[in-house]
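Read the structure below first, then the notes.
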Amino acid sequence: MKIKDIHIRMCRHKQSVMKNSEMRDGKRSNLEFLVITFETDEDLSASTFGFAGRGAEMAGEIANSIFKPFFLNKDPLYREKHWHEYRMADRWWNHAPIYSYGPFDINCWLLSALKAEQPLYKYLGAYRDTVPIYASSLVLDSPDAYAKEALEYKKRGFNAYKLHPPGNYDFDLEAHIAVRKAVGNDFKLMSDPVAPYTFEQALRFGRELEKLNYYWYEEPLFDENFHGLRELTRILDIPIIGTEVIAKHPYSVAECISTRVVDMVRADVSWSGGITATMKTAHLAESFGV
């Protein structure tokens, strides 16, 4: 099988149909993204979306100039070979954004699963047929807004809710208290403040989350702050989660896993190097009992 053509569409979600789309800087997110389609000589095709930040045109130009020529005429079944070759090519002055490679790798996996006539999760090696999902906020304008949204998702049958607070310590704490009060103690809650705090603030906030029975505490400090995260992991009982936005999985997170920088690691197929790298990170974490 050979990839005979690649279509790259640059897309922007209309603001008018978006709800609660404000980011921490106060701007409303346009949710720009790519849709990448592979066509093969065996009449199989696969499409996936690609993260584009706030610049789909820029991301599309990178995809067209770097990744389209790299993947054209290649066999998608050789995804491991492609992954290693691109890793070296990227070092030789591509230096593409971390979210660039993932969609192309995902399409290789999708085509492989299609050829095998299996759903992707079974082609990877199935463990279960269903997984729990949680709802996740963007930045809302009041603690009450978080509480109302969390309660709405609970009523809709979601298993848990994760807050992305604006990064003001007092506001953030008030919001987390309001949400717990609204949903009760029988509903999982997680906190993802996206690294706004000093170490001392992060430690204090973590202790408050423990009192509120939050399930995990995600990226209280920047992912690359290994020392600070390791100290939080050592001191706090609530699980600390990180590594989602560290580039070059799994190699970049090996130290985090082996020396317990965090209790749990995150990876995202969009920006962690696709399914190939995400599975490598998962197996590495499993081997260390993380």
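Tabulated results
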| read-out | value |
| --- | --- |
| With Cα atoms, 0 to 90° folded angle of helix 143-155 axis to the chain main axis | 60 |
| Most fluctuating residue given options Gly125, Gly55, Gly206, as computed from a GNM of the chain linking Cα atoms under 10 Å | Gly125 |
| Inter-label distance, nm, simple model (7 Å from Cα along the C-beta direction), Phe222/Glu57 | 3.0 |
| Three-way shape label, segment 56-199, alpha-carbon gyration tensor, a/c 1.5 | oblate |
| Peptides 161-168, 69-76 ordered by average Cβ neighbours within 10 Å, highest first | 161-168, 69-76 |
| Cβ-Cβ FRET estimate between Asp75 and His13, R0 fixed at 30 Å, reported to 0.05 | 0.35 |
| Normalised contact order of segment 135-287, rounded percent, pairs of Cα under 8 Å and 6 or more residues apart | 16 |
| Dipole of the chain [Lys/Arg +1, Asp/Glu -1 at C-beta], most positive-end residue of Leu44, Met264, Phe104 | Leu44 |
| Modelled FRET efficiency - R0 25 Å, Glu117 with Glu39, Cβ distances, 0.05 increments | 0.85 |
| Relative contact order (percent, whole number), the chain, Cα cutoff 8 Å, 6+ residue spacing | 15 |
| Glu32 long-range amide H proximity, modeled H, under 5 Å | His13 |
| Mean-position separation - Cα centroids, segment 146-168 and segment 248-290, in angstrom | 27 |
| Residue-wise HN-Hα coupling along segment 117-131, computed from phi with Karplus coefficients 6.51, -1.76, 1.60 (Hz; x: Gly, Pro) | 6, 10, x, 4, 5, 7, 5, 5, x, 6, 10, 8, 9, 9, 9 |
| Share, in percent, of DSSP beta bridges within the chain that are antiparallel, nearest 5 | 60 |
| Euclidean distance of C-alpha centroids, segment 27-84 and segment 185-236, integer Å | 34 |
| In sequence order, calculated HN-Hα J values of segment 194-203 (Karplus, 6.51, -1.76, 1.60; Hz; x Gly/Pro) | 6, 6, x, 9, 6, 4, 4, 5, 4, 5 |
| Proximal lysines relative to Lys211, as straight alpha-carbon distance under 17 Å, when same-chain residues fewer than 8 apart are discounted | Lys162, Lys181, Lys188 |
| Degrees separating the helix 79-89 axis from the principal Cα axis of the chain, which is the longest one | 80 |
| About the Cα centre, charge dipole magnitude for the chain (Lys/Arg +1, Asp/Glu -1 at Cβ), debye | 340 |
| Cα-centred dipole magnitude for segment 135-287, charges only on beta-carbon of K, R (+1) and D, E (-1), debye, nearest 20 | 420 |
| Length gained when the stretch Phe288-Ile133 is fully extended (0.36 nm per residue, less Cα-Cα span) | 53.3 nm |
| Lysine-lysine proximity count for segment 3-124, Cα under 26 Å, sequence distance 8 or more or distinct chains | 12 |
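Each value in this text was obtained by applying a stated rule to the coordinates, not by laboratory testing. Nothing here was measured: the structure is a model prediction, and the numbers come from that model. As a convention, Cβ positions derive from the backbone with ideal geometry for all residues, glycine included, and neighbour counts pool all protein chains shown.
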